[in-house]
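One structure is given below, encoded as structure tokens.
Here, each number is a calculation from the coordinates, and none is a lab measurement. Everything numeric in this text was worked out from a predicted model, so none of it was measured. All Cβ positions, glycine included, derive from the backbone under ideal geometry; neighbour counts span all protein chains shown.
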Amino acid sequence: MNLTDIDASALIISAIIHDFKHPGLNNNFLINSKDLLALTYNGIINFNVMIDQSVLENFHVAEAFKIINSNESFDIFNELNKEEYKLIRKRIIDCVLATDMTMHTKEYTYLKMKLENYKGDNELKSFENFFKKLNGTELFNTQQEFLNCLIHTSDISNPTKPLKIYLQWTTKVMDEFWNQGDKEKNLHLPISFLCDRNTVNIPKSQIAFMEGICSPLISTVIEIFPELQFLIDNLNKNKEYFKKVRDEEEEKKIK
């Protein structure tokens, strides 16, 4: 296995801090409202148009490192040398930035292409093929991209959880979205996708999320890690649940 201790540690730390101090508002809101976070963390104004450059994700990383560097007792990297620290910091930053949903297509396409390149190889199920060193930088870049894919997959994995847990997360997520939509209405801003409590249909939106986003990515991950098959099994069960709820709602409308 070619993942080093630094790689694995960076992935775990990234998972811990990836939403640190999240304000319950998405990048779109922060940018459109010209929030201080957007002005500070790469929400660039260009010809009076705000450009989204992972505002929240940059904020999460920065706030986490502020704490780590604020006191010697908080410095979890104090035993690393200069090069090791530089590497783990880069790993963490890239991983957290990869949790920006605007990166989904990039992460999914990368993983899919890698998998297709090694189809037919007897060692497909091992890490070795993903970390072959083709040139001076390939090993480094491939490791980072693979870590990015893993954390992004984990970040959108709510539909792969047992139904009871998935429903709790669905409620919490939709409450957060709708609270943002209410703020956008009050500020006369465009209402962000899925944030209008008067128009969003939860079963339909969850089915679309599972079919269009989660299932393709997670199915690809399972081709590499077949022992994770239970994730897609849970997702399919959850999808059937929401389809049943959707159909029942449609029947009530007809009656």
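At 7 Å along the Cα-to-beta-carbon direction for both T199 and D19, put a label point, then send me their distance in nm to one decimal.
Spacing of the two 7 Å Cα→Cβ label points: 2.5 nm.
Return, ordered by residue number, the residues of the stretch 163-194 whose backbone nitrogen is under 19 Å from a label point located 7 Å along Cα→Cβ of E240.
Counting backbone N atoms under 19 Å from the label point, the list is 163-167.
Of Y85, Y166, Y41, which is the most mobile in a GNM of the chain whose springs link Cα atoms less than 10 angstrom apart?
Result: Y85 has the largest fluctuation of those listed.
Neighbour counts of other C-beta atoms within 10 Å: give me F225, F177, F29 arranged from fewest to most.
The most exposed by this proxy come first: F225, F177, F29.
Sorted from fewest to most neighbouring beta carbons within 10 Å, what does the list M103, M210 look like?
The order, fewest Cβ neighbours first, is M103, M210.
At a temperature of 10 °C and a viscosity of 1.306 mPa s, determine how fast the chain diffuses translationally according to Stokes-Einstein, using the Kirkwood radius over alpha-carbon pairs as Rh; express D in µm²/s, rounded to the nearest whole number.
78
So if R0 is 30 Å, what FRET efficiency would T109 and K185 give, r being the distance between their Cβ atoms, rounded to the nearest 0.05?
E between T109 and K185, to the nearest 0.05, is 0.25.
Please report W169, W178 as a ranked list, fewest other C-beta atoms within 10 angstrom at the top and most at the bottom. Let's see the in-between values first.
On the way: W169 13, W178 16.
Going from sparsest to densest Cβ surroundings: W169, W178.
At what distance in nm do the modelled label points of T102 and L36 sit from each other, each positioned 7 Å from its Cα along Cα→Cβ?
A separation of 2.3 nm, rounded to one decimal place.
Only helical DSSP H runs with n ≥ 4 go in: add -39500 (n - 2.57) per run for the chain, normalise by residue count and round the 222 nm mean residue ellipticity to 500 deg cm²/dmol.
-19500 deg cm²/dmol
Determine which lysines satisfy two conditions relative to K90: a Cα distance under 16 Å, and not lying fewer than 8 residues away in the same chain.
Within reach: K66, K82.
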